[in-house]
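Here is the structure we will look at, set down as structure tokens.
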Amino acid sequence: MISNTRTKALTFSLWMAFAGSVGADAPAEKLSTTTENPIRMNQLGFLPAANKLAVVLADSNPGTFVIWDLSTDEAALRGRMQASKEKTLRGTQSWRADFSAIQTPGTYAIEISEGQREVFQVGSGLYDALADASLKAFYFQRASMPIEEHYAGIWARPAGHADDKILIHSSAASAERPAGTVVSAPKGWYDAGDYNKYVVNSGITMGTLMSAYERFPEYFSARSLNIPESENGLPDILDEVRYNLDWLTDMQDPNDGGVYHKLTTANFEGMVAPHLATKTRYMVQKGTAATLDFAAVMAQAARVFAPFEPRQAAHYLNSARAAWQWAEENPAVAYRQDQLNQQFDPDIVTGAYGDKHFTDEHFWAAAELFLATGEPQYWKIIRTTPTEYALPSWGDVRWLGYYSLLANAGKLPKESTPWQKRVADNLVQAALDLTLASTRNAYRSPISSDPKHFVWGSNSVAANQGILLLEAFRITGNADFLRSAEDTRDYLLGRNATGYSFVTGFGIRTPQHPHHRLTAARPELPPLPGFLVGGPNPGQHDGCNYPSDIADESFVDHVCSFASNEIAINWNAPFAYLINGLHALESQHDQTDSDSEDAH
Ligand code: 9MR
């Protein structure tokens, strides 16, 4: 590993200072409710060469805006608001202030004519702390080990869930492991605001994190998350991944290769600390989706870990093959929780992740197994699967496979070049459509282009769109895609209809009451930092009291709101990919190489 201890200590203290000062202790004058303040902008700040845009919601033209340099109290820029052709989903008129010309690092405030203002930073190091915190979040989610003060500061806590005595649920009983058999499956991350561990959702999370590493290996090798394994020679992002791989390994039944759908309590635990959440935990039914996701993850892990730990990598590959074999023999075992509850006891009512379509998991597993082995049986499946683009989600993982195949083109058969081109064209076309749509909505962000994007975990839709855009940039070199990915970052950090930065601890108005047991159990502390909450979800499945029913405003910062304000590993993973990917690319590019004019 390139970084040394001193760098690590510095990174950590900067991160702690940053997480504390920007989040919980933001000066009162900067705080205002979303209704009072009509200015919507990235609340963490801007790199010197980045596009800088604020969106202002107002019925009549606010006229001009002023950018004040707070170090001199002088106006650094005066400009005219531009009217947006497009209204917001609510139907409000919106205006844009473009102050990209401000490139000198410093602290500024934008003021619009009615006296409303928002403070912001310009600087080249603004994303360092966030990049690490988005991954450090996974450390905070670890089961089965104490989270120590040296690594976690004020968020240190005792270990929760040893998970060494898990009962085989009656839905998962087999001849070798009858109901009630005690098995062990420690470690891994808590899925989300709850304490259960779900294989399907771990699948996309792991694929996303390993792909992030594969795209930016030098960058990740040079960073330190200040976790217990930081000194062990493996990049920290892979140490974090391995902590979850250790758990996943135990989710496979060694007798037949099948993988249990989840490790869970029967009901959700209360909002208590993990060491006080001690209900019985079960392994429930093996299923095709979980088993194929497992096969894909293990095959990818075999490839990614091979240079560091070849023997372990060989084990991962064996596990992947055994899982694939089980799925070949059991190609359509869906996890249908309601049906299972009619047959088996106790009833299981935790997260279902019930996926009834397996062609996408089948493809992803085939893709990763092909890259790991080069065997033609997998290539045949790859060649006969549709190539049109679909944004990845836990229920649709097909494009995780295509991302891996495109990024490892050197391992594909030579004669597949036209096929590769078709796949790449589909990806680039989807990114082009998104980039274009992004210029045609009030918030100038990809996700805001269609109310249908606002599903449960909409912020992960935005983050996954960001990954698509980064991939399109990698393939084409077209900087428009990079800008569009930055627009997605701006969206998540405040340029959105709610006026929240959706990341705990990073921004001016951030979630204070996420649906997150680890945070809720310690109300005396600021929320654990670096977590992306789910975001606007007009489904409002939690029945909480929302300020609005409009798709992009359906968000409430209340612990009650698991449908808009929960956190989850499959949301933080694409977020970490986007933030770190942008950070890696932006650090490579000369920040002064911009076509914007200097404001001074
Ligand atoms: O993210 C999941 C979302 O896509 C589903 O619609 C929803 C209902 O099944 O579940 C979400 O996942 C939750 C899981 O079931 C339990 N842990 C918390 C997850 C995030 O809310």
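Looking for something open to solvent by less than 50 Å² (accessible area, probe 1.4 Å), out of contact with any helix residue (DSSP H, G or I) (no Cβ under 7 Å at 6 or more places or on another chain), of a type outside the set (Gly, Ala, Ser) and not in a helix (DSSP H, G or I) - is there at least one such residue anywhere in region 237-247? Checking region 237-247: not a single residue is open to solvent by less than 50 Å² (accessible area, probe 1.4 Å), out of contact with any helix residue (DSSP H, G or I) (no Cβ under 7 Å at 6 or more places or on another chain), of a type outside the set (Gly, Ala, Ser) and not in a helix (DSSP H, G or I). In the set (1) surrounded by fewer than 24 Cβ atoms within 10 Å (Cβ to Cβ); (2) at pLDDT 95 or above, the condition left unmet by GLY233 is number (2).
Right, ILE579: surrounded by fewer than 24 Cβ atoms within 10 Å (Cβ to Cβ), touching a Leu at 6+ places or on another chain (Cβ under 9 Å), at pLDDT 95 or above and farther than 17 Å from MET271 by Cβ or not?
Values: surrounded by fewer than 24 Cβ atoms within 10 Å (Cβ to Cβ): no; touching a Leu at 6+ places or on another chain (Cβ under 9 Å): yes; at pLDDT 95 or above: yes; farther than 17 Å from MET271 by Cβ: yes.
It is false that ILE579 is surrounded by fewer than 24 Cβ atoms within 10 Å (Cβ to Cβ), touching a Leu at 6+ places or on another chain (Cβ under 9 Å), at pLDDT 95 or above and farther than 17 Å from MET271 by Cβ.
Within region 84-132, the set of residues being in a strand (DSSP E or B), among the β-branched types (Val, Ile, Thr) and buried (at least 18 other Cβ atoms within 10 Å of the Cβ) comprises ILE110, ILE112, VAL122.
ALA551 falls short of the stated requirement of being at pLDDT 95 or above and open to solvent by less than 10 Å² (accessible area, probe 1.4 Å).
Is there a residue being free of Cβ contacts under 8 Å to residues at least 60 places away in the same chain, open to solvent by 10 Å² or more (accessible area, probe 1.4 Å), of a type in the set (Val, Ile, Thr) and not in a loop (DSSP other than H, G, I, E, B) anywhere in region 152-160? No, there is no match, as no residue in region 152-160 is free of Cβ contacts under 8 Å to residues at least 60 places away in the same chain, open to solvent by 10 Å² or more (accessible area, probe 1.4 Å), of a type in the set (Val, Ile, Thr) and not in a loop (DSSP other than H, G, I, E, B).
Check whether at least one residue in region 525-533 is in contact (Cβ under 8 Å) with a residue 40 or more places away in the chain and under 19 Å from ALA497 (Cβ atoms), and report yes or no.
So in region 525-533, the residues in contact (Cβ under 8 Å) with a residue 40 or more places away in the chain come out as 525-533.
When the remaining residues are screened for being under 19 Å from ALA497 (Cβ atoms), the result is 532-533.
Taking every residue of region 525-533 in turn, at least one turns out to be in contact (Cβ under 8 Å) with a residue 40 or more places away in the chain and under 19 Å from ALA497 (Cβ atoms).
Scanning region 549-568 for residues that are more than 10 Å from the ligand (Cβ to nearest atom), in contact (Cβ under 8 Å) with a residue 60 or more places away in the chain and in a loop (DSSP other than H, G, I, E, B) yields a total of 3. Residues of region 72-83 that are part of a loop (DSSP other than H, G, I, E, B) and either of a type in the set (D, E, K, R) or farther than 19 Å from GLN116 by Cα (or both): THR72, ASP73. Does ALA409 meet the test of being open to solvent by less than 10 Å² (accessible area, probe 1.4 Å) and more than 16 Å from the ligand (Cβ to nearest atom)? Here the answer is no, as ALA409 does not meet what is asked. The set of residues in region 472-515 that are among the small types (Gly, Ala, Ser), open to solvent by 30 Å² or more (accessible area, probe 1.4 Å) and assigned to a loop (DSSP other than H, G, I, E, B) contains only GLY477. Screening the candidates GLN121, GLN103 for the property of being at pLDDT 95 or above and more than 12 Å from MET41 (Cβ to Cβ) yields one hit, GLN103.
Considering only residues that are not in a helix (DSSP H, G or I) and not aliphatic (A, V, I, L, M), look in region 452-471 and name the one that is farthest from LEU492 (Cα to Cα). The residue in question is TRP456. Of all residues in region 527-545, those that are over 21 Å from the mean Cα position of the chain (by Cα) and more than 16 Å from the ligand (Cβ to nearest atom) total 1. Listed by position, the helices (runs of 4 or more DSSP H) enclosed by region 290-403 that each have at least 1 residues that are surrounded by 20 or more Cβ atoms within 10 Å (Cβ to Cβ) and away from the ligand (no atom under 16 Å from the Cβ) are 310-329, 359-373, 376-383.
This table checks each residue for (1) open to solvent by 10 Å² or more (accessible area, probe 1.4 Å); (2) modelled with pLDDT of 90 or more; (3) among the small types (Gly, Ala, Ser); (4) within 25 Å of the chain's Cα centre (by Cα).
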{"residue": "ALA9", "(1), (2), (3), (4)": "yes, no, yes, no"}
{"residue": "ALA24", "(1), (2), (3), (4)": "yes, no, yes, yes"}
{"residue": "ALA28", "(1), (2), (3), (4)": "yes, no, yes, no"}
{"residue": "THR34", "(1), (2), (3), (4)": "yes, no, no, yes"}
{"residue": "THR64", "(1), (2), (3), (4)": "yes, yes, no, no"}
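The values are calculated or read from the model by the stated rules, or taken from the named source; none is laboratory data. Bear in mind that the values here come from a model prediction, so they are computed numbers and not experimental data. Neighbour counts are summed over all protein chains in view; Cβ atoms, including those assigned to glycine, are modelled from backbone coordinates with ideal geometry. Note: areas computed on protein heavy atoms with side chains; ligands, DNA, RNA excluded. Shrake-Rupley method; radii C 1.70, N 1.55, O 1.52, S 1.80 Å.
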